[in-house]
Structure formats: structure tokens, C-alpha cells
């Protein structure tokens, strides 16, 4: 097998986000989706900066319902992507406002706005889009 | 200012993907979007594993047109997210098929399928969704 070169940052991040999903989704018998318990563990571990100061205990329940577009009380990978995408938009807007980027600055901007991924309405397009059920037959 | 704890993997990846966009978008005078030239530089640097064996030189032109949903010959951040999202889906499917994940395995799977981000039709929902123009007025 040919030796692989080291992946670039973008490739590495995409792979990491996918791996994170599988790591948390694999905690129960349904290893390809995030249950509500797995979602809460994910949020409180991987996005603790956004959740730790949250006083409204129902906010994560509400977020899960918004992400769960097919209402099966599980998050498929495409539904999970909507969360990461909307957080990316929040990061992007944070940087757009400051117009000065240094490593960590985006995180810092978001740290001061816990759960700032509750985005303005036009970004809810990222959240509200209905993906069809994954199916081999639909390919 | 309170000392920040080290960000978790998910937060770091989201921030990195945002930073990568700004790094490439900032190469010309319009620093908030990717021009065609900037997109090609991004693809050939950050996703070289997918482009290096590509014989069809028009494929990146075609991909840019598909991503550029508002046809302004620039990629806004939301349009860029559709690319990373669809690559995430490709990673996810690669892992779903193999059912054994080790670090680098997803990359390896994709390396063998250059431009495997040309996804089956139901994933084109990720590509074909029309985002409104970013506007401060629409918030």
C-alpha cells in the first residue's frame, strides 16, 4: 500500500467530527445514532463551553427536538451535522464582527455567549431542513 | 479575564474549519468569500487527497457551480459548509460500510475514492439548499 501523506487541516477536522459522532453514538446498542442520553453526554463534554453556564435545564431538550427533524428521538449523522454547521455559522459571525482572528479568538467569543448557537432566524434553515431517512434504496 | 479551559475536540474542529475558510477567503480583496481562484487553491491544498488523482479538470469548476447556490461566483461561508457537510457524510458512509474505525481509516477510505464527495442524490439536499444572502437586516 502506498504511504499516505499527512492529511491537511480540513480533512483532519471533517474526519474528527465524524469520529466524535461515532464515539458518542456507540455508547448504547444503537451505535449509528445519538439517543437523547448520548446527545446530552456529547453536549456536556464536547460543547461544555456552551452548556456550563446554562441556567435553563430544558434548553438541551429543546435543541434535541429542533435537530431531530424526523422526530424519531434519535439524531442521525445528518441531523448532527446541522448542529456543527450552525455552530460554524456562529463562529463565522463572531469573527466577522471582530474582524481580527487569532487562534482561540472564536472560541473566546463563543465562550462569552453560552449557547450562542441559537442562531437568528435565517440560520434556522440549517436546522429546519428535512433530510430523508438514510436508506440504501434511495441511492 | 478568567482562564479558559482547553476546548474539546468538537469545538476545536468547528473553530478550525471556520479559520480555514477565512485563511483562504482572505487571499484577495473580498476577504469574506471564496473566489473561484481561492476555492481552487483551497481544494488543491486542503483536500488534495480528493483532487490529486482527478483527471477531469472541469470537475472543480462544476463543484464550485453546484456549491454557489446564489450564482454570484463567490462562495459564502454557508455555501462552504455544504462542502464540508457533504464530505462529512461521505466519511460517515465510509465508516458505516467498514464498521471498524481507527484514526486515519476514514481518510484512507476516501483516499481510494478521489472526489467521493460527489454524493448520491439524497445527499444533494446538502448541496442544493438555497441560503439567503447574509444580511444584517435579516436578523
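Every number in this text was worked out from the coordinates using simple rules, so none of it is lab data. The shown structure was predicted, so the numbers you read here are calculated from the model rather than taken from an experiment. Please note: Cβ atoms are built from the backbone with ideal geometry, for glycine as well, and neighbour counts cover all protein chains shown.
For residue A:62, place a label point 7 Å out from Cα along the Cα→Cβ vector, do the same in each other copy, and report the separations in nm, one decimal, smallest first.
4.5
Within 10 Å of each Cβ of B:19-26, how many other protein chain Cβ atoms are there on average?
4
Could you tell me the distance between the Cα centroids of the range B:22-96 and the range A:37-79, to the nearest Å?
Here the answer is 29 Å between Cα centres.
Take peptide B:79-86, look around each residue's Cβ out to 10 angstrom, count Cβ atoms belonging to other protein chains, and average those counts.
Numbers: counts 0, 2, 8, 2, 2, 8, 9, 2.
That average works out to 4.
Would you mind giving the mean number of other chain beta-carbons within 10 Å of the Cβ of each residue in A:89-96, as a whole number?
Shielding by partners across A:89-96 averages 6.
Taking the label point as lying 7 angstrom from Cα along the Cα-to-Cβ axis, what are the distances from residue B:45 to the corresponding position in the remaining copies, in ascending order and in nanometres?
For residue B:45, the other copies' label points sit at 3.4 nm, shortest first.
May I ask you to order B:51-58, A:69-76, A:45-52, A:15-22 by the average number of other C-beta atoms within 10 Å around their residues, highest value first?
Per-residue Cβ counts within 10 Å, averaged per peptide and sorted highest first, yield A:15-22, A:45-52, A:69-76, B:51-58.
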